[in-house]
1. Kindly check whether there is at least one residue in the stretch 19-27 that is modelled with pLDDT of 95 or more and either aliphatic (A, V, I, L, M) or closer than 30 Å to residue 182 by Cα (or both).
2. Do you know which residues across the stretch 122-131 are in a strand (DSSP E or B) and either crowded, with 18+ Cβ neighbours inside 10 Å or touching a Leu at 6+ places or on another chain (Cβ under 9 Å) (or both)?
3. Being out of contact with any Lys or Arg (no Cβ under 7 Å at 6 or more places or on another chain), without any contact (Cβ under 8 Å) to a residue 40 or more places away in the chain, open to solvent by less than 10 Å² (accessible area, probe 1.4 Å) and among the charged types (D, E, K, R), is that true of even one residue in the stretch 112-121?
4. What residue, of 150, 208, 197, is in contact (Cβ under 8 Å) with a residue 24 or more places away in the chain, farther than 30 Å from residue 238 by Cα and not in a strand (DSSP E or B)?
5. Return the residue satisfying two criteria in turn: it lies in the stretch 174-189 and is charged (D, E, K, R) and either under 19 Å from the mean Cα position of the chain (by Cα) or within 15 Å of residue 231 (Cβ to Cβ) (or both), and of such residues it is most open to solvent (accessible area, probe 1.4 Å).
6. Scan the stretch 207-226 for residues that are among the aliphatic types (A, V, I, L, M) and surrounded by fewer than 18 Cβ atoms within 10 Å (Cβ to Cβ) and jot them down.
7. Among the residues that make up the stretch 124-134, is at least one of them within 20 Å of residue 168 (Cα to Cα) and in contact with a Lys or Arg (Cβ under 9 Å, 6 or more places away or on another chain)?
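The values are calculated or read from the model by the stated rules, or taken from the named source; none is laboratory data. Since the structure is predicted, the reported quantities are computational estimates derived from the model, not experimental observations. For neighbour counting, all protein chains shown are included, and Cβ atoms are generated from backbone atoms with ideal geometry for every residue, glycine included. The accessibility values were calculated without ligands, DNA or RNA, using every heavy atom of the protein model including side chains. Shrake-Rupley method; radii C 1.70, N 1.55, O 1.52, S 1.80 Å.
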Amino acid sequence: MTNKAPQTEYDSPWKQMLQLYFEDFMQFFFPQAHAQIDWSRGFVFLDQELQQVVRDAELGKRLIDKLVKIYCIGGEEEWLLIHIEVQSQEETDFPKRMFVYNYRIFDRYNRSVASLAVLGDENIKWRPNQFGYELFGCTVDFQFPVIKLLDYQQQISELEASRNPFATVVMAHLAAMQTKSDRLQRKQQKLALVRRLYEQGFNRDAVLNLFGFIDWMLTLPLDLEREFKTEVEQLEAQQSMPYMTSFERIT
């Protein structure tokens, strides 16, 4: 009998990938914004600063939020801010939280703030992108762009052909949702994703980082995990690329 599998935990793997591949994240999900950023000047994550900004405004459970200091090409302002939310479940107050965080960040830094959202939930119809109200002629209308991961189910062939690391991230996230009740199918999809890393010719660091994300998202019961490990070792032997034989990965 298959052992009970641990629950999929989305927070930490997404956080790690954003830290490692922020430029790729912007290029994959928000290409127009990516083209306007001066990447030659670098960028800085302001995680501790963000926690200070929102510590008294906890508005519901969040998956992950990031605040990044960036520079625009030919921009008049020295630097700007990007606030990113990756949300894994429906939440009534999500638009309000996006608004509150945006104005609190603006108030603290007096800099323009772009708030961007990635929705990784299972409801294709849930697409919150606006918060506002009107009172006595005073109108607030806050709108923000959203990416719905479920939309990529119609673009699997494009994802498989892409070398952007977030193509793998999206495929692993979708696979985690699709196989919650079928861990044997999850093992098969997990192995297919790992095989793709070798076939695409990613370098060693990218293979290890993406393998770590896949492994963390697609959790397996112990017996299937043993089978998966054996099959990965066989795959490595065939590819003559011993990246994972020592299993330098999340366990």
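1. Looking through the stretch 19-27, at least one residue is modelled with pLDDT of 95 or more and either aliphatic (A, V, I, L, M) or closer than 30 Å to residue 182 by Cα (or both).
2. Passing the criteria: only 131.
3. yes
4. Only one candidate qualifies: 150.
5. Residue satisfying both the conditions and the ranking: 180.
6. Within the stretch 207-226, 208, 222 meet the criteria.
7. no
Let's see how each residue does on (1) open to solvent by less than 10 Å² (accessible area, probe 1.4 Å); (2) hydrophobic (A, V, I, L, M, F, W, C); (3) modelled with pLDDT of 80 or more; (4) in contact with an Asp or Glu (Cβ under 7 Å, 6 or more places away or on another chain):
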| residue | (1), (2), (3), (4) |
| --- | --- |
| 52 | no, no, no, no |
| 56 | no, no, no, no |
| 65 | no, no, yes, yes |
| 68 | yes, yes, yes, no |
| 78 | no, no, no, no |
| 84 | yes, yes, yes, yes |
| 89 | no, no, yes, yes |
| 94 | yes, yes, yes, no |
| 104 | no, no, yes, no |
